[in-house]
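One structure is given below, encoded as structure tokens.
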Amino acid sequence: MALTLITWNVQWFCGLDNVVNVERVVAHARAMADFDVLCLQEVADNYPRLEGDAGFDQAQRVQDLLPGFEVHFGAAVDERGPDGRRQRFGNLVATRLPVRQVRHHALPWPADGGVRSMPRMCTSVTVDSALGPVRLMTTHLEFYSTRQRMAQARALVDLHHEACAHAAQPPLQDASGGPFQSKAHTASAILCGDFNLERHEAEYAVLGAEPDATAPPGASALRDAWPLAHGRRAPAPTFRLHDRRYGPEPISCDYVFVSDDLAPRVRAVEVDTETTVSDHQPVLLRLA
């Protein structure tokens, strides 16, 4: 296979047994596939009060467990805890593919009074692959606020369109070796993560919309990889399957989107519905 990716909301590596264990999550992902890319959401650093005790640097633990991989952690939350120590919470991209560029994008956080929320972000890592340069984007959208989630969905589309425009109209070439040196721009993208929304919701339509007249040159759509692989088959649930604390019925809310040019290369999308080492199920994408 040309590129294999797993995305998983790991709930700070806390299983349904309330045990925090990075090793078993990484081992399970490796048993699923010999992945090139591992995208994780809800990775914690120094949150001892989280269920199961996440009072250590989980991104560093992942790095220790994946020799030969580059691990890039993007903190959506970066703050002082009750004990005065720095705490971080966010997303992670681990890849064994050559990394050309890393960007961390803060997503909108509009005020929504009286509604529980926290900052959100998207980590974007551009890699060289057998398919050419690919922009890997992973994110975790707001759970409680529809207003914030919609703003974040729109921002993700804007980020993708902006990157497409840079690929279509690249900046002046620069071989200086300084920060203005030429970047790796590509319209080829994979957007994955926990979107905290279902396919019938308005935010989903925004994420998969065709570029309109206001889109920049070169903009492409983002395609949900599940129907590309399975047609009209109902999507496998990725949340509330084994744990109903957040709702009565299992739902699918963890997605992989691919850019137009990668859509014909989707060979498989699989959900592991058995594991209980997180409250979400991992999603596997294979491109060829």
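The values are calculated or read from the model by the stated rules, or taken from the named source; none is laboratory data. As the structure is a prediction and not an experimental result, all values here were calculated from the model. Counting neighbours? That spans all protein chains shown, and the Cβs are built from the backbone with ideal geometry, glycine included.
If we scan the stretch 109-121, do we find a residue that is among the basic types (Lys, Arg), modelled with pLDDT of 95 or more and within 28 Å of Leu38 (Cα to Cα)? Looking through the stretch 109-121, at least one residue is among the basic types (Lys, Arg), modelled with pLDDT of 95 or more and within 28 Å of Leu38 (Cα to Cα). Restrict the check to the stretch 134-157 and report whether at least one residue is exposed (fewer than 14 other Cβ atoms within 10 Å of the Cβ), of a type in the set (D, E, K, R) and at pLDDT 95 or above. No: the stretch 134-157 contains no residue that is exposed (fewer than 14 other Cβ atoms within 10 Å of the Cβ), of a type in the set (D, E, K, R) and at pLDDT 95 or above. Note on the stretch 68-182: enclosed strands (runs of 3 or more DSSP E) holding 1 or more residues that are free of Cβ contacts under 8 Å to residues at least 24 places away in the same chain are 70-80, 99-106. Residues that are farther than 20 Å from Thr146 by Cα, surrounded by fewer than 22 Cβ atoms within 10 Å (Cβ to Cβ) and in contact with a strand residue (DSSP E or B) (Cβ under 8 Å, 6 or more places away or on another chain): does the stretch 191-202 have at least one? Taking every residue of the stretch 191-202 in turn, none turns out to be farther than 20 Å from Thr146 by Cα, surrounded by fewer than 22 Cβ atoms within 10 Å (Cβ to Cβ) and in contact with a strand residue (DSSP E or B) (Cβ under 8 Å, 6 or more places away or on another chain). Just a yes or no: is a residue in the stretch 209-217 among the polar types (S, T, N, Q), over 14 Å from Val283 (Cβ atoms) and either touching a residue at least 12 places away in the same chain (Cβ under 8 Å) or crowded, with 17+ Cβ neighbours inside 10 Å (or both)? Checking the stretch 209-217: not a single residue is among the polar types (S, T, N, Q), over 14 Å from Val283 (Cβ atoms) and either touching a residue at least 12 places away in the same chain (Cβ under 8 Å) or crowded, with 17+ Cβ neighbours inside 10 Å (or both).
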